[in-house]
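A short worksheet on the structure shown next.
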Amino acid sequence: MSTLVITDLHVSVETPEGTKEILRGVDLTIDSGHVHAIMGPNGSGKSTLAYSIAGHPKYTITSGTVTLDGEDVLEMSVDERAKAGIFLAMQYPVEVPGVSVSNFLRTAKTAIDGEAPKLRTWVKDVKSSMADLRMDPAFAERNVNEGFSGGEKKRHEILQMELLEPKIAILDETDSGLDVDALRIVSEGVNRVKDKTNVGVLLITHYTRILNYITPDFVHVFVDGRVAEQGGPELAERLEAEGYDRYLTKA
Amino acid sequence: MTTTDLTTDHSRATADEAHSHGLASTPPNASRADRPKSFELDVFPVPSGREEQWRFSAVRDLAPLFVDQPVDGSLAWSIDALPAGVRLTEVSVADARERSVSEPGDRASAIAAAHSGGARALTVAPGSVIDKPITITMHGDGSEARGHLLVEVGANAEVSVVIERTGSATYSEFISVDVGQNAGLNLVLLQTWEDDAVHSGEVHAKLSRDARLRGSVVTLGGKVVRLNTTASLAGEGSSVDLFGLYFADSGQHQEHQLFVDHMVPNCRSRVTYKGALAGASARTVWIGDVLIRKEAEGTDTYELNRNLVLTDGARADSVPNLEIETGLIDGAGHASATGRFDEEQMFYLRSRGISESEARKLVVRGFFADLIQEIGVPEVEKGLMNAIELELDMVEADDE
Ligand SMILES: Nc1ncnc2c1ncn2[C@@H]1O[C@H](COP(=O)(O)OP(=O)(O)OP(=O)(O)O)[C@@H](O)[C@H]1O
Ligand SMILES: [Mg+2]
């Protein structure tokens, strides 16, 4: 059982016009086995929250805390956070030419476990996860994300989540740009990992559609750098019907 | 890897996209073939750095190599017992001029020939097929040295020659490579100098009918290394593959110039050079000139240069030139691109638990892997990836 606790998190970025505050006091607690959906309009700071937890150097934490099972996450380097059990499926996964998917996966698994996986079971695990995500085995020999379609990149992110077995996974718009079939495949992947490893999930999304496949335990409405409202799955239905206007005019 | 503006205009225009030319861009002044060649020093004034062929060079560091004076030092050679069919002999300055396939093409190599005290000739008898690579280690003790080397491979012979430079020196050389009819030579030049070596070398290879040359250059060490390689495809049906691998870190200036001269019909050439740069003030230059003369119908040529910039401050220049004087060719193309291993790629790998230094290694290994396999001498290939990773470790130690 793991818990990620975010308390009064303030984050800013440097822009040509000066320092800009994007997160303005975020409070959020995620336990193993729970799915928290974060929904909010464009530019509200959802990706900033995801990147800040993962440790992207572009974002400066000005105040607040993030802990995982009591450990100070903000003190950790990016790779230490991954080793501690935090995983970020990125909104725009990065291409890494010259590095094959299979080499990348094995290197990451070795880094996170602190030892190389047993070759025989590893190869089998990779194969079956790829098959479950309907990824052609040929992807293993391609360079990381190079020339992948949008949907292929997202499947590759979920493949990593399945193989690296994090404690807390942040999925940043993993559903955006997917057709219905791909959405179902990716959602099934997330559910499978959750059943298997009891991972806690922070599901950032724009659309309620994915919530038909992955049932959230909590829904948070994210507006202007903070959580404006939270509730159960019924909140998502209301957002679907009414949109974010209510929160925006208030803000 | 993102393509950056580190390349020259020309290469940026061709970034990553291989393409073919109808009529090519020529070097600003004239055809590459018109440059003077001579054993006479007066033909070559002391370079100022403004000349076309020196404009990217570390002219100030190379200056001692432009001085017309004898030097007392030399490189110490080690070489295993030679197999039957191979001889190493001393050749007088006059005879060496006679036996070179070309006259020197710049001041540094003309001075190297003039003050070498005579050449050494590695001669492979016609028809000899030598299985084991011949390895020559040339070691510098920090002094000034000049060298003139002849590699002569007789008709129908097959041989691999590995020349490794170690230690330190201020060294210039002229290497003449004569590949006889239907002969095959695999020549590997390893620059694993210590940090303060300064090295200027000209290699001129001439290929006779149906000859095959595989030439690999690996430059890891030295403060300044400038290698100027020419392959003259002078016999019909000849074929050349030129590979280069370089890794520059802070304070290193590595320049590789190439000239592939298609003189006769139905020859083939491939040039593949890849370089990685890490550390502020790391500097590399690649200039690849290919000339397809009017007579050279049926030519098939392709040249490629890729650079991978691993840290800020490093600079890679890449200048491909293709001159085509006949339309009756099989294929002619080039590609040149400089990519940067950027913050986003680093973040992506690290967010998967991979440490910063392991992330760099992963990317650099991937970048060089296929090239290393092309060298074709297992003894060299084996050690190379380790040597590159040691370079990377040194970069990281510098960062701390
Ligand atoms: N480096 C930066 N420089 C300037 N502004 C930035 C920078 N990074 C983020 N921002 C701004 O911060 C705000 C929040 O961005 P963020 O990407 O977190 O939003 P988001 O909620 O994920 O949006 P979307 O739904 O479009 O993905 C936006 O207004 C964005 O323009
Ligand atoms: Mg976003």
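Values computed for the structure shown
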{"item": "Matching entry among A:A140, A:A108 (being within 18 Å of the chain's Cα centre (by Cα) and either at positive phi or touching a residue at least 24 places away in the same chain (Cβ under 8 Å) (or both))", "result": "A:A108"}
{"item": "Selection from the range B:135-151 of residues that are open to solvent by less than 30 Å² (accessible area, probe 1.4 Å) and more than 19 Å from the chain's Cα centre (by Cα)", "result": "B:G140, B:A145"}
{"item": "First in the range A:237-251 and of a type in the set (D, E, K, R) and surrounded by 10 or more Cβ atoms within 10 Å (Cβ to Cβ), second anywhere and assigned to a helix (DSSP H, G or I) and modelled with pLDDT of 85 or more, Cβ under 8 Å, 6 or more apart", "result": "A:E237/A:T208; A:E240/A:T208"}
{"item": "Filter result for A:G85 (touching a Leu at 6+ places or on another chain (Cβ under 8 Å), within 16 Å of ligand 1 (Cβ to nearest atom) and of a type outside the set (D, E, K, R))", "result": "no"}
{"item": "Sole residue being more than 30 Å from A:E162 (Cβ to Cβ) and open to solvent by less than 30 Å² (accessible area, probe 1.4 Å), chosen from B:T301, B:T272", "result": "B:T301"}
{"item": "Odd one out for A:V94 among (1) within 16 Å of ligand 2 (Cβ to nearest atom); (2) surrounded by 22 or more Cβ atoms within 10 Å (Cβ to Cβ)", "result": "(2)"}
{"item": "Qualifying positions in the range A:1-18 - away from ligand 1 (no atom under 16 Å from the Cβ) and crowded, with 16+ Cβ neighbours inside 10 Å", "result": "A:S2, A:T3, A:L4, A:V5"}
{"item": "Residue ID - farthest from ligand 1 (Cβ to nearest atom), chosen from residues in the range A:54-68 that are open to solvent by less than 40 Å² (accessible area, probe 1.4 Å) and of a type outside the set (S, T, Y)", "result": "A:L68"}
{"item": "Residues of the range B:314-329 satisfying the condition of being assigned to a loop (DSSP other than H, G, I, E, B) and touching a residue at least 60 places away in the same chain (Cβ under 8 Å)", "result": "B:A314, B:G327"}
{"item": "Neighbours by Cβ (under 8 Å, 6+ apart or cross-chain): first from the range A:217-233, within 17 Å of A:H10 (Cβ to Cβ); second part of a helix (DSSP H, G or I) and not β-branched (V, I, T)", "result": "A:F222/A:K46; A:F222/A:L49; A:V223/A:Y247; A:V223/A:L248; A:A228/A:Y247; A:A228/A:K250"}
{"item": "Close pairs (7 angstrom Cβ cut-off, 6 or more residues apart or separate chains): outside any strand (DSSP E or B) in the range A:1-25, surrounded by 15 or more Cβ atoms within 10 Å (Cβ to Cβ) and among the small types (G, A, S) anywhere", "result": "A:M1/A:S32; A:S2/A:S32; A:S2/A:G85; A:S2/A:G200"}
{"item": "Residue among B:S128, B:S176 that is surrounded by fewer than 19 Cβ atoms within 10 Å (Cβ to Cβ), of a type outside the set (D, E) and at pLDDT 95 or above", "result": "B:S128"}
{"item": "Unique match (being touching a helix residue (DSSP H, G or I) at 6+ places or on another chain (Cβ under 9 Å) and at positive phi) among A:G43, A:G98", "result": "A:G98"}
{"item": "Filtered residues of the range B:292-309 (kept if part of a strand (DSSP E or B) and not charged (D, E, K, R))", "result": "B:I292, B:T301, B:Y302, B:L304, B:N305, B:N307, B:L308, B:V309"}
{"item": "Subset of the range A:1-41 (residues that are over 22 Å from A:L235 (Cα atoms) and either within 12 Å of ligand 2 (Cβ to nearest atom) or within 14 Å of another protein chain (Cβ to nearest Cβ) (or both))", "result": "A:V13, A:E14, A:I22"}
{"item": "Close pairs (6 angstrom Cβ cut-off, 6 or more residues apart or separate chains): within 7 Å of chain A (Cβ to nearest Cβ) in the range B:348-360, basic (K, R) and part of a helix (DSSP H, G or I) anywhere", "result": "B:G353/A:K83"}
{"item": "Unique residue being open to solvent by 60 Å² or more (accessible area, probe 1.4 Å), free of Cβ contacts under 8 Å to residues at least 60 places away in the same chain and in a loop (DSSP other than H, G, I, E, B) when the list is B:D68, B:D72", "result": "B:D68"}
{"item": "Of residues in the range A:73-91 being at pLDDT 95 or above and more than 9 Å from chain B (Cβ to nearest Cβ), the one surrounded by the fewest Cβ atoms within 10 Å (Cβ to Cβ)", "result": "A:E75"}
{"item": "Evaluation of A:S44 against (1) in contact with a strand residue (DSSP E or B) (Cβ under 8 Å, 6 or more places away or on another chain); (2) more than 14 Å from every other protein chain (Cβ to nearest Cβ); (3) open to solvent by 10 Å² or more (accessible area, probe 1.4 Å); (4) not in a helix (DSSP H, G or I) (one fails), failing number", "result": "(3)"}
{"item": "Given (1) modelled with pLDDT of 95 or more; (2) within 14 Å of chain B (Cβ to nearest Cβ); (3) away from ligand 2 (no atom under 16 Å from the Cβ); (4) open to solvent by less than 70 Å² (accessible area, probe 1.4 Å), index of the condition A:V99 fails", "result": "(1)"}
{"item": "Search result, residues across the range B:130-164 that are in a strand (DSSP E or B) and at positive phi", "result": "B:G142"}
{"item": "Subset of the range A:19-37 (residues that are within 9 Å of ligand 1 (Cβ to nearest atom) and within 24 Å of B:R350 (Cβ to Cβ))", "result": "A:I22, A:L23"}
{"item": "Number of positions in the range A:73-102 that are farther than 24 Å from A:T197 by Cβ and either under 13 Å from the mean Cα position of the chain (by Cα) or not hydroxyl-bearing (S, T, Y) (or both)", "result": "9"}
{"item": "Failed item, numbered, when A:Y51 is tested on (1) surrounded by 16 or more Cβ atoms within 10 Å (Cβ to Cβ); (2) among the hydroxyl-bearing types (S, T, Y); (3) more than 9 Å from ligand 1 (Cβ to nearest atom); (4) within 14 Å of chain B (Cβ to nearest Cβ)", "result": "(3)"}
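The values are calculated or read from the model by the stated rules, or taken from the named source; none is laboratory data. A quick note: this is a predicted structure, and the numbers were derived from the prediction, not measured. Heads up, the Cβs are rebuilt from the backbone with ideal geometry, glycines too, and the neighbour counts pull from every protein chain shown. Heads up: the accessible areas ignore ligands, DNA and RNA and are worked out on the full protein's heavy atoms, side chains in. Shrake-Rupley method; radii C 1.70, N 1.55, O 1.52, S 1.80 Å.
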